[in-house]
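Heads up: the structure comes next, in structure tokens.
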Amino acid sequence: MTDALILKDVRKIYGDREAVKGINFSVKEGEIFGLIGPNGAGKTTTLRMICTLLQVTDGSITVCGHDVMKEADEVRKIISYLPEDSGAYKDLTGRQYIRFMAAFFADGEKFQQMVDKGIEMSNLGDRIDSKVSTYSKGMMRRLLIARAMMPEPRLAIMDEITSGLDVMNAYEIREIVRGIAKEGVTVLISSHNMFEVESLCNRVAMINHGDIVECGTPAELKEKYNANNLEEVFV
Ligand code: ATP
């Protein structure tokens, strides 16, 4: 399996604060990879550097063979990023929002295919024609994931994808993420939720104070620490 994402000695300095301290990890094609860590550990900063939204201070990041600094336009074509605090235009219906977003990427037959895929993936049933302002958090998250997947990215990056959701909605979102990976898309998520990363991710990296302190499959990490679950490994 080849690597969809490679980070080598990546640093990020904000003013006089070193938020990410020369980290290394790679994500294989088709893998669901979890970046876990406490508040302020450097997860969002790392995701935003991968997405070309933040300048890397030092080191290199390669997405499907493209260097994020030298080939940012190429990277943007094959990546999608769903920030934790993202939202959709509340005065549009779900269908209108999907059509509006699809129009950025395609026209003609391809546009219609993209819209159909977005509607199917959002799984909103007849609420697709209700205004986004009336959606629950779970419905909103499904709509946003569908939008993120419409341009068919090779690497989907999702920040705190289930934060603020109840158990059922969080379960449903995890099922959607599994489906995305089954289609061959590489998925990188950030999370505080150990249960979530253990059930969802093929491999995880723990970041703390800007350093990767552990990386491996949930099974490897549990064995190393003789733990029953990932919470026991990291807490
Ligand atoms: P959370 O889970 O709370 O979102 P995180 O792991 O995503 O946390 P980051 O948001 O990447 O952490 O922040 C890492 C560190 O960098 C923190 O100390 C934060 O205060 C700092 N930081 C983040 N953005 C900036 C910025 N624009 N300017 C200065 N410092 C920043």
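A short reminder: the numbers here are calculations on the coordinates, not readings from a lab. Here the structure is a predicted model, which means the values were calculated and not measured. When we count neighbours, we look across all protein chains shown, and the Cβ atoms used for this are built from the backbone with ideal geometry, even at glycine.
Side notes on the structure shown:
- Cα gyration tensor shape of segment 60-194, rounded if a/c is under 1.5, else prolate or oblate by comparing a/b with b/c: oblate
- Rounded to whole numbers, the Karplus 3J(HN,Hα) couplings from phi for segment 206-212 are 9, 10, 9, 6, x, 10, 7 Hz, using 6.51 cos²θ - 1.76 cosθ + 1.60 with θ = phi - 60°, and x at Gly and Pro.
- Exceedance of the 25 Å cut-off in Cα-Cα distance is limited, within the set LYS28/LYS77; LYS28/LYS70; LYS77/LYS222; LYS90/LYS182, to LYS77/LYS222; LYS90/LYS182.
- Restricting the trypsin sites (Lys or Arg not before Pro) of segment 82-113 to loop positions (DSSP other than H, G, I, E, B) with no more than 16 neighbouring Cβ atoms within 10 Å leaves LYS90.
- Amide H to amide H, with H built 1.01 Å from N, ILE212 comes under 5 Å of ASN24, counting only residues 5 or more places away or on other chains.
- Surrounding net charge for GLU220, when Lys and Arg each add one and Asp and Glu each subtract one, Cβ distance under 15 Å: -1
- The slack in the chain from ALA219 to ASP3, taken as 0.36 nm per residue of separation less the alpha-carbon distance, amounts to 75.7 nm.
- Between GLU183 and ASN202, full extension at 0.36 nm per residue minus the direct alpha carbon distance yields a gain of 5.3 nm.
- Converting phi to 3J(HN,Hα) with the Karplus coefficients 6.51, -1.76 and 1.60 and the offset θ = phi - 60°, segment 60-67 yields 9, 10, 10, 10, 6, x, 9, 6 Hz in sequence order, with x at every glycine or proline.
- Mean residue ellipticity (222 nm) of the chain, computed from DSSP H runs ≥ 4 via -39,500 (n - 2.57), nearest 500: -10500 deg cm²/dmol
- Of the chymotrypsin sites (Phe, Trp or Tyr not before Pro) in segment 84-162, the ones in a loop by DSSP (not H, G, I, E or B) with at most 16 other beta carbons within 10 Å are TYR89, PHE104, PHE105.
- If the chain linking HIS192 and ASN24 were pulled fully straight, counting 0.36 nm for each residue of separation and taking away their Cα-Cα distance, it would gain 58.5 nm.
- Nonlocal amide H pairs with LEU82, under 5 Å, H built at 1.01 Å: ILE157, MET158, ASP159
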